[in-house]
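To start, the structure under review is shown below, and the notes come after it.
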Amino acid sequence: MHKPTDVLDLISQRKTQHGLPGAAYSDQDVYRQDLEQIWHREWIFAGHTFELEKPGQYLTLQIGDYPIAIVRGADGQVRAFHNACRHRGSKVCTEAKGKVAKLVCPYHKWTYELDGRLLFAGNMGGDFNPAEHSLKPAHCEVVHSYIYVCVAKQAPDFEKFRSAVSPFIGPHYLEDCKVAYESNLVEKGNWKLVFENNRECYHCDGSHPELLNSFVENDSVQGTGGDADPELAAHWNSCEAGGLPSRLVMDADGQYRMTRIPLSAGASSYTMDGKPAVARRLDRSQVPNIGALLYFNYPSTWNHFLGDHALSFRVLPLGPGETVVTTKWLVPKDAQEGVDYDIERLTKVWVATNDQDRRLVEGTQVGVTSPAYEPGPYSSLVENGVCQFVDWYSTLMLRRLGENAAQRII
């Protein structure tokens with residue numbers, strides 16, 4: 001494959017209610033188009049504002065071809081910049097996270113204000129104008145501590161998503177949280193396989209004994225069903241009476257979805273015994289057991305909110321067959337480790353689950369790259385979620401690649 005039209009033809013081969021052709025998970029040209037049509041055009045979850053509590057704090061990430069730095073300015077505003085010096089392109093912020101007084105390029109010491117303005121560039125002569133060489137900004141939006149970045153010249157509308165997700169996550173007061181623990185797991189699998197694995201629990205019985213101490217999948221998790229399920233409807237009614245929006249909300253294109261679900265009988269958190277891991281509440285609803293709020297936003301994040309803590313997951317592609325999954329365990333800011341929570345108890349379920357998923361994704365990556373691989377059908381009973389993800393991906397790619405092809409003809 002060498003042209004976008006070849007990728008278009010490949011994705012067009014997918015049968016309804018089936019997986020993608022194997023090359024979609026390994027071919028360099030497909031990966032190139034995944035970056036250009038999705039990762040370089042959509043809003044990508046980067047991190048949380050409470051990770052940048054003070055001016056000068058920054059975090060970095062790589063979105064496809066684009067190194068990005070997100071910085072808290074002296075005015076308190078969170079901004080995103082392309083992490084490339086305007087001199088000769090060196091990364092300005094070289095660590096995953098840190099704190100600085102100014103943004104100083106390590107190569108030739110060009111120095112930028114926290115808002116991106118170039119303050120100093122030595123030995124550039126009298127006709128050099130610093131105002132013409134500020135760091136290039138990237139689009140940046142914040143919704144209840146979630147920082148989203150878009151590297152496109154023109155970003156898609158963010159307000160629709162903000163309006164949909166805010167009622168769900170607002171009552172959890174994440175602005176008053178901190179990261180208790182963070183893991184970065186490199187999975188030797190395509191980013192789509194990582195998300196496909198997340199979007200179904202068909203595999204859970206045989207793979208996730210720790211998670212199944214508390215998690216129970218229902219049709220709402222897959223993006224279908226609702227009030228016809230008496231247990232789910234009762235849970236929604238209970239939570240909504242306490243001021244927690246719960247009923248399934250899903251974008252018309254299937255890009256994002258929020259729903260609140262009950263956990264297994266007697267469980268209120270993702271722990272080995274189902275009991276809270278943190279002696280604090282995130283919400284103020286007074287509902288004894290709020291279960292779990294689940295929300296995803298393709299292509300970069302899924303999230304779980306419990307009564308005592310929350311987890312944010314970020315997916316970033318590193319190559320056709322490699323993906324990094326970042327998990328952050330979020331607890332109230334005033335919760336003290338060793339007093340209000342124990343790290344091992346807090347993290348044990350998802351540390352195990354993430355590693356189990358890594359092995360499943362890596363095994364699948366090997367299988368789908370076999371010349372003998374032929375995509376099989378999805379189960380209409382337990383794989384509607386993964387089918388919905390692949391539908392979203394295929395529809396979006398076919399539309400954008402088709403538009404590009406039409407423009408070349410014109």
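Any read-out appearing in this document is the output of simple, stated calculations on the displayed coordinates, not a laboratory observation. Remember, it's a predicted structure, so these values are computed and weren't measured experimentally. Note that each Cβ is placed from the backbone with ideal geometry, even for glycine, and that neighbours are counted across all protein chains shown.
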In the neighbourhood of Val186 defined by beta carbon distances under 11 Å, the net charge of the other residues (Lys, Arg +1; Asp, Glu -1) is -1
Residue by residue through region 372-377, the couplings from Karplus 6.51 cos²θ - 1.76 cosθ + 1.60 with θ = phi - 60°, in Hz, x for Gly and Pro, are 8, 5, 9, x, x, x
Region 170-368: relative contact order from alpha carbon pairs under 8 Å, six or more residues apart, as a whole percent, is 31
Result row for the chain, helices from DSSP H with C-alpha axial extent 18 Å or more and mean Kyte hydropathy at least -0.5, is 343-368, 384-409
Proximal lysine pairs in region 35-147, meaning Cα under 19 Å and 8 or more positions apart or interchain, come to 10
Quick shape check on region 101-140: root eigenvalues a ≥ b ≥ c of the Cα gyration tensor, a/c under 1.5 is rounded, otherwise prolate if a/b tops b/c, else oblate, and it reads oblate
Everything considered on the Cα gyration tensor (a ≥ b ≥ c; rounded for a/c under 1.5, else prolate if a/b is larger than b/c, else oblate), region 45-150 must be described as prolate
Neighbours of Val100 by Cβ distance under 12 Å: Lys/Arg at +1, Asp/Glu at -1, summed charge +3
In whole angstrom, the spacing between the Cα centers of region 24-86 and region 182-253 equals 27
With R₀ set to 35 angstrom, the calculated FRET efficiency between the beta-carbons of Asn404 and Glu132, to the nearest 0.05, is 0.60
The chain, Gaussian network, Cα under 10 Å: of Ala241, Ala24, Ala131, the residue fluctuating most is Ala131
Expected max-MSF residue from Tyr256, Tyr298, Tyr107 in the GNM of the chain (alpha carbon, under 10 Å) is Tyr107
Quick calc: nm separation of the 7 Å Cα→Cβ label points for Ser207 and Ala152 -> 3.1
In cubic angstrom per residue, the convex hull of the chain built on its Cα atoms measures 157
Subtracting the Cα-Cα distance of Glu159 and Asp227 from 0.36 nm times their residue separation yields 21.7 nm
By the C-alpha gyration tensor axes a ≥ b ≥ c (rounded if a/c is under 1.5, else prolate when a/b exceeds b/c, else oblate), the shape of region 216-318 is oblate
Most packed first (mean Cβ within 10 Å per residue), the peptides 25-32, 332-339 order as 25-32, 332-339
Checked against the positive end of the charge dipole of the chain (+1 on Cβ of Lys and Arg, -1 on Cβ of Asp and Glu, about the Cα centre), the farthest of Cys204, Ser183, Asn384 is Ser183
Place a point 7 Å from the Cα of Asp273 in the direction of its beta carbon; the residues of region 331-360 whose amide N falls under 18 Å from it are 338-350
Here FRET efficiency (C-beta to C-beta, Arg88 to His139, R₀ 25 Å, nearest 0.05) is 0.50
Within the under-11-Å Cβ sphere about Ile147, not counting Ile147, Lys/Arg +1 and Asp/Glu -1 give a net charge of +1
Within region 1-95, DSSP-loop GluC sites (Glu not before Pro) with at most 16 other C-beta atoms within 10 Å are Glu53, Glu95
When the chain is treated as a Gaussian network with springs between alpha carbons less than 10 Å apart, the largest mean-square fluctuation among Ala265, Ala69, Ala84 is found at Ala265
